[in-house]
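Questions regarding the structure given below will be posed in turn.
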Amino acid sequence: MLGAMRVPRLVRRREVWLPTAWGWTLLVALAVGGSWLGLHTLYDFLAPNQPLGRGLLVVEGWVNDKTLEESVQLWRAGGYARLVTTGGPVERYVSLLPFATYAEQAAAILRTLGVPDRDIAVVPGPASARDRTFTSAVALREWISRSGVDAPAVDIVSEGPHARRTWDLYRMAFGDGVAIGIRSVPPDLYPPTAWWRSSAGTKDVLTEAIGWAWVACFFHPPPRGAYPKTSDLGQAFPAVSASGVAARLGEQKGSADASMPGFRSR
């Protein structure tokens, strides 16, 4: 009986097609060409520049000084009704800085660059472990709704390759009712045309590429009022004027000087 049983076949023979020398040459050439094209076009894709030149000019508060200076130039050259700073709580060196949020920090710097208090609106966002850019966009949207500001168009100023993700998330938050433009200011740590030649550029561009891909594939904006709790936005970090930020800065610098005699404000 055992002899009559058929032993199952464990292997089988298949015909496999492999490239010839010319085939491998073509594949390598395509890989090299695709890599070269990706290196030279990835930054431009992640850092679009399509400003509208009207409505509100919104600056992400975490950006560097160069981007803030560029924002002032755009403000003076464009036909904007208001200059708005956004951003959530400051995350590092909190005890040493006189600002609770990046929005307040950016507003104070813009004021020193010559932008009048009356033209600056500070719209901070609540703390968020994820989707911070989207949370800032929702905070801005709710501020516009509460304050009654006429904003048919919004230009966002961002830094480097983060601009693409910012642009997409703000358009998701505002929907079709508001036109959203974007201005990406090149970083000063690496040349955009050769970002892969420095560790800072490689880290920045690849990180933002992964972040944008995640947003494009997996992020779905929740219905309005669902996330974040829009009714709590104004209570957590109420919008303040630039003059209020300046007053807070003066008070905190004075207390810091009193408690730290080795340091003096200029």
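The values are calculated or read from the model by the stated rules, or taken from the named source; none is laboratory data. None of these values were measured; they are calculated from a predicted model. Positions of Cβ are generated from backbone atoms using ideal geometry, with glycine treated the same way; all protein chains shown enter the neighbour counts.
Restricting attention to the stretch 175-189, which residues are touching a helix residue (DSSP H, G or I) at 6+ places or on another chain (Cβ under 7 Å) and modelled with pLDDT of 95 or more? Full working, then the answer.
The initial filter retains those residues of the stretch 175-189 that are touching a helix residue (DSSP H, G or I) at 6+ places or on another chain (Cβ under 7 Å), namely 180, 182-189.
Once the filter is applied, which keeps residues that are touching a helix residue (DSSP H, G or I) at 6+ places or on another chain (Cβ under 7 Å) and modelled with pLDDT of 95 or more, the stretch 175-189 yields Ile180, Ile182, Arg183, Ser184, Val185, Pro186.
Now a separate question. Name, by its number, the condition in (1) under 13 Å from the mean Cα position of the chain (by Cα); (2) crowded, with 21+ Cβ neighbours inside 10 Å; (3) not aromatic (Phe, Trp, Tyr) that does not hold for Ala209.
Here Ala209 meets the rest and fails (2).
Say we look at the stretch 109-125 and pick out the residues that are in contact with a Lys or Arg (Cβ under 8 Å, 6 or more places away or on another chain) and not hydrophobic (A, V, I, L, M, F, W, C); which of these is nearest to Thr86 (Cα to Cα)? Before you say what the answer is, go through the steps one by one.
Narrowing the stretch 109-125 to residues in contact with a Lys or Arg (Cβ under 8 Å, 6 or more places away or on another chain): 117, 119-121, 125.
With not hydrophobic (A, V, I, L, M, F, W, C) added as a condition, the list becomes 117, 119, 125.
Details: Asp117: 16, Asp119: 14, Gly125: 7 Å.
If we take residues in the stretch 109-125 being in contact with a Lys or Arg (Cβ under 8 Å, 6 or more places away or on another chain) and not hydrophobic (A, V, I, L, M, F, W, C), then Gly125 is nearest to Thr86 (Cα to Cα).
While we're looking at this one, here's another question. Please determine whether any residue of the stretch 166-176 is touching a strand residue (DSSP E or B) at 6+ places or on another chain (Cβ under 7 Å) and more than 26 Å from Arg82 (Cβ to Cβ).
Keep residues of the stretch 166-176 that are touching a strand residue (DSSP E or B) at 6+ places or on another chain (Cβ under 7 Å), which gives 166-167, 170-171, 174.
If we keep only those that are more than 26 Å from Arg82 (Cβ to Cβ) as well, we get none.
No, there is no match, as no residue in the stretch 166-176 is touching a strand residue (DSSP E or B) at 6+ places or on another chain (Cβ under 7 Å) and more than 26 Å from Arg82 (Cβ to Cβ).
Which count do you get for residues in the stretch 110-148 that are part of a helix (DSSP H, G or I) and not aromatic (Phe, Trp, Tyr)?
20
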